[in-house]
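The values are calculated or read from the model by the stated rules, or taken from the named source; none is laboratory data. The shown structure was predicted, so the numbers you read here are calculated from the model rather than taken from an experiment. Cβ coordinates were reconstructed from backbone atoms using ideal geometry, including for glycine residues, and neighbour counts include every protein chain displayed.
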Amino acid sequence: MANTFSLILTLATLITGIIWLIDRFKLAPARKKKMAQQQKVIEGSIEQSHLAESIHKPSWVDTCSSIFPILAIVLVIRSFIYEPFQIPSGSMMPTLLVGDFILVEKFAYGLKDPVTQTTLLETGKPKRGDIAVFKYPKDPSVDFVKRVIGLPGDKIVYDPEQKELRIYPNCSISNCARALPIIYSSLKESEWALFFNIDSMVESQKGSYQIPLGEPVPTNALRQAERIEKLDETSHEILVIPQVYTQSRYQQPGLPDNEWIVPPKHYFMMGDNRDNSADSRMWGFVPEENLVGRAVIIWFSLDKHEGEWPTGVRLSRIGAIN
């Protein structure tokens, strides 16, 4: 189902559109007819004050008729072309930061009904490396943004110690094609440090903060490492914590830990912040019908952290997303 704003926008557009249609094809002709009947010509000229009173349109009808085209344009753009989203968490760092505002290409994976989200027209499928926005399978009212890692039929193997992927396309449990070439650069220290809850090293408390290289890291934080991952034609940076072993929670029946075979019409998603991302490793696959669109551009960015007020604007963040 659509989110609350989409439902309100659709309903408002429908109501104002109905009022606009009634006014255009029923009320307006009736006013003109009444005007013609009440025309009074005085010495060859129309009595303007009398005519103005005759063709008066109710203010609420005028308001609805005026805002309907605006609502209709916004609805069409948000539903079928581009929709804005804000990044609330650091799971896609360093590609997307908390406070980034992104545009999502809604027609990338099919045109969908804005209310029921059923596909009206097929326009394309996700590719490995795409950054996709989708409805969280456990709670479709929540939108997630992750990177597409596995396509239908792919076998995904994740090494939680080396922090590396192996992908075997067109796979069944007993028969797989050769692994795709995934290239990794060497690990190097990052300026990002992940702060943890002092009582639990499982979930982060404050997220990631920048600490310049060479400066000490607090005891409740771990400095992250970064590397380049080349997946198909997409190269992107990922963040990892070499000394942390992240155990996957979702185990597919019949397969070992950290191995999954993507079912038909489903996708395997992961965050670029590999040790601070709740993704398909934790809760499973994303159904095709949950796809919202492809993230293509950062159009604005606020300098902020999770749960904190913004402290500035990051104009340097504006641009295309890789």
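Here is the figure for the stretch 83-117: residues that are in contact with a Pro (Cβ under 7 Å, 6 or more places away or on another chain), in a loop (DSSP other than H, G, I, E, B) and farther than 21 Å from T311 by Cα total 1.
Would you call D143 surrounded by 14 or more Cβ atoms within 10 Å (Cβ to Cβ) and among the acidic types (D, E)? Here the answer is yes, as D143 does meet what is asked.
Taking the residues in the stretch 60-83 that are of a type in the set (D, E, K, R) and surrounded by 14 or more Cβ atoms within 10 Å (Cβ to Cβ) as candidates, determine which candidate is farthest from the chain's Cα centre (by Cα). For the stretch 60-83, the residue satisfying everything is R78. With respect to the conditions (1) modelled with pLDDT of 95 or more; (2) in a loop (DSSP other than H, G, I, E, B); (3) of a type in the set (K, R), K146 falls short on a single one, namely (2). Selection of the stretch 101-136 for residues being over 23 Å from L75 (Cα atoms) and under 14 Å from the mean Cα position of the chain (by Cα) yields P126, D130, I131.
Of the residues G284, G307, G319, the single one that is surrounded by fewer than 21 Cβ atoms within 10 Å (Cβ to Cβ) and either farther than 28 Å from G110 by Cβ or in contact with a helix residue (DSSP H, G or I) (Cβ under 6 Å, 6 or more places away or on another chain) (or both) is G307. Scanning the stretch 17-35 turns up one or more residues that are under 29 Å from T123 (Cβ atoms) and at pLDDT 75 or above. Only one of Q86, Q162 is among the polar types (S, T, N, Q) and either more than 24 Å from S248 (Cα to Cα) or buried (at least 20 other Cβ atoms within 10 Å of the Cβ) (or both). Can you tell me which? Residue meeting the stated conditions: Q86. Looking at the stretch 169-189 only, could you name the residues that are within 21 Å of W283 (Cα to Cα) and either free of Cβ contacts under 8 Å to residues at least 60 places away in the same chain or not in a loop (DSSP other than H, G, I, E, B) (or both)? Matches in the stretch 169-189: none. Residues that are modelled with pLDDT of 95 or more and in a strand (DSSP E or B) within the stretch 118-134 comprise I131, A132, V133, F134, listed in sequence order.
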